[in-house]
Amino acid sequence: MQKLNKCIYIVYMDCLQMVFKLFPNWKREAEVKKLGYKVHGDPFSTNTRRVLAVLHEKRLSYEPITVKLQTGEHKTEPFLSLNPFGQVPVFEDGSVKLYESRAITQYIAYVHSSRGTQLLNLRSHETMATLTMWMEIEAHQFDPPASKLTWEQVIKPIYGLETDQTIVKENEAILEKVLNIYEKRLEESRFLACNSFTLVDLHHLPNIQYLLGTPTKKLFEKRSKVRKWVDEITSREAWKMACDQEKSWFNKPRN
Amino acid sequence: MAGIKVFGHPASTATRRVLIALHEKNLDFEFVHIELKDGEHKKEPFIFRNPFGKVPAFEDGDFKLFESRAITQYIAHFYSDKGNQLVSLGSKDIAGIAMGIEIESHEFDPVGSKLVWEQVLKPLYGMTTDKTVVEEEEAKLAKVLDVYEHRLGESKYLASDKFTLVDLHTIPVIQYLLGTPTKKLFDERPHVSAWVADITSRPSAQKVL
């Protein structure tokens, strides 16, 4: 009787695999249901994309739920009970609700450290500490000027607001100093934290991608190691998918 | 475990963050004073330790690090068997601690540090406190403390029922703000107030004052 049940199970699994091959959406939905991951955010938001990048590097399924930033949905209930600071993204893993994109990326990278791209450097306490240090550098030294430049040159125009060129100039000067340090670092190391791509490089992608479409692009291009690093990280498949709305944000809007 | 060195300034909040972690772990270390008012942090040899020119920098034998929150996390993990436990490693705890560290880093610290600058440091440098900035930043801090108040109603400390790095990282800024009118924002929230009294009375916190 056990042998028969086993046979039936094998046939069932084969049929299921066949169905999933013909209907990849069904496979995705089944995985989504199994993992139960949800991402509340906006496919164009830098912070949301930071999380999508990790999910794609790890080939994890998730349910994307749109939060309408233009109408201020993130600043009112019920969103505020997900993130009282009123910011996207929010990540749900069953009963665990997480916000702050860099906490979400770290959580996913740890929980799924044996799957997909290795995004951490877990060889020793020292290698992990160096990675943590570079994550802090991205968050405290790179992101402030970079996100201001993205805001002024990319997001304000979308809302019909005028770019403040003084702010652009000030922040480009700050960013230049940071990129000088990156240029030196990338002479010694292929990527920022170590010789393989990690969360550190990934965390930079959303702002870099937007800035490549602005005059700020020249800051990256005139430094040869930085330019090579930018080319390499922005051409990753997972990153391209994270930026492709059809591939990464494939749901119906929330009711 | 010989050879821990901290290069910083005893009054700097970021330096204190690292010192408190070392005291929690009862670790011996050498403190190398970097004179900020002489711009020592922007010149050689310090700038070789941290090209961004900020204190503290850290050394453990041959291993070198900077960024206070990277240093505290290294101390917490590398010396996990010494002194007090500062992190917990279950996957749910990793989530809570990672998120708590980000919240302190991106929501609490920028606002808290501006208030410390205006009310504590500017007077020391003979500059005038800008009351408009203080008002604006206090309004932002109130919102952050409302979130902390809610959280501390559910949990004894910010990330769990035990003291962790998430709480530790807030101590240096809180210590300064308790000596300013901003203290009232902590006092008027009962859970926050009790938590502040608790964490600032830890021996490690007292040692950096």
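The values are calculated or read from the model by the stated rules, or taken from the named source; none is laboratory data. Quantities reported herein were computed from a predicted structural model and do not represent experimental measurements. Cβ sites come from the backbone with ideal geometry, for glycine too, and all protein chains shown count toward neighbours. What goes into the accessible areas is simple: the full protein's heavy atoms, side chains included, and nothing from ligands, DNA or RNA. Shrake-Rupley method; radii C 1.70, N 1.55, O 1.52, S 1.80 Å.
Pairs linking a residue in the stretch A:156-185 that is under 20 Å from residue A:138 (Cα atoms) and modelled with pLDDT of 95 or more to a residue that is aliphatic (A, V, I, L, M) and open to solvent by 60 Å² or more (accessible area, probe 1.4 Å), with Cβ atoms under 9 Å and 6 or more positions apart or on different chains, do not occur. For the stretch A:110-132, state whether one or more residues are in contact with a strand residue (DSSP E or B) (Cβ under 8 Å, 6 or more places away or on another chain), buried (at least 21 other Cβ atoms within 10 Å of the Cβ) and in contact (Cβ under 8 Å) with a residue 12 or more places away in the chain. Yes, the stretch A:110-132 contains at least one residue that is in contact with a strand residue (DSSP E or B) (Cβ under 8 Å, 6 or more places away or on another chain), buried (at least 21 other Cβ atoms within 10 Å of the Cβ) and in contact (Cβ under 8 Å) with a residue 12 or more places away in the chain. Counting the residues of the stretch A:206-230 that are in contact with a Lys or Arg (Cβ under 7 Å, 6 or more places away or on another chain) and open to solvent by less than 10 Å² (accessible area, probe 1.4 Å) gives 3. Residues that are within 14 Å of another protein chain (Cβ to nearest Cβ) and either among the basic types (Lys, Arg) or open to solvent by 30 Å² or more (accessible area, probe 1.4 Å) (or both) within the stretch B:108-148 comprise B:110, B:113, B:114, B:140, B:143, B:146, listed in sequence order.
If you check residue A:106 against the conditions, is it in contact (Cβ under 8 Å) with a residue 60 or more places away in the chain and under 30 Å from residue A:172 (Cβ atoms)? So residue A:106 fits the description; yes.
Is it true that residue A:91 is modelled with pLDDT of 95 or more, in contact with a Leu (Cβ under 6 Å, 6 or more places away or on another chain) and open to solvent by less than 10 Å² (accessible area, probe 1.4 Å)? So residue A:91 fits the description; yes.
Residues in the stretch B:161-209 that are surrounded by 19 or more Cβ atoms within 10 Å (Cβ to Cβ) and polar (S, T, N, Q) were compared, and the one that is nearest to residue B:138 (Cα to Cα) is B:182. Counting the residues of the stretch B:17-47 that are out of contact with any strand residue (DSSP E or B) (no Cβ under 9 Å at 6 or more places or on another chain) and within 14 Å of another protein chain (Cβ to nearest Cβ) gives 5.
Of note, residue A:50 does not satisfy the criterion of being over 25 Å from residue B:146 (Cα atoms), open to solvent by 20 Å² or more (accessible area, probe 1.4 Å), away from chain B (no Cβ under 11 Å) and of a type in the set (Lys, Arg). Suppose we keep only residues that are surrounded by 13 or more Cβ atoms within 10 Å (Cβ to Cβ) and charged (D, E, K, R) within the stretch B:11-41. Which one would you say is nearest to the chain's Cα centre (by Cα)? It comes out as B:17.
Within the stretch A:140-158, the residues that satisfy the criterion of being open to solvent by 30 Å² or more (accessible area, probe 1.4 Å) and under 19 Å from residue B:66 (Cβ atoms) are A:140, A:144.
Only residues that are open to solvent by 30 Å² or more (accessible area, probe 1.4 Å) and more than 7 Å from chain A (Cβ to nearest Cβ) were counted in the stretch B:49-96, giving 15.
Please go through the stretch A:38-47 and give me each residue that is out of contact with any Ser or Thr (no Cβ under 7 Å at 6 or more places or on another chain) and surrounded by fewer than 23 Cβ atoms within 10 Å (Cβ to Cβ), ordered by number. The answer is A:38, A:44, A:45.
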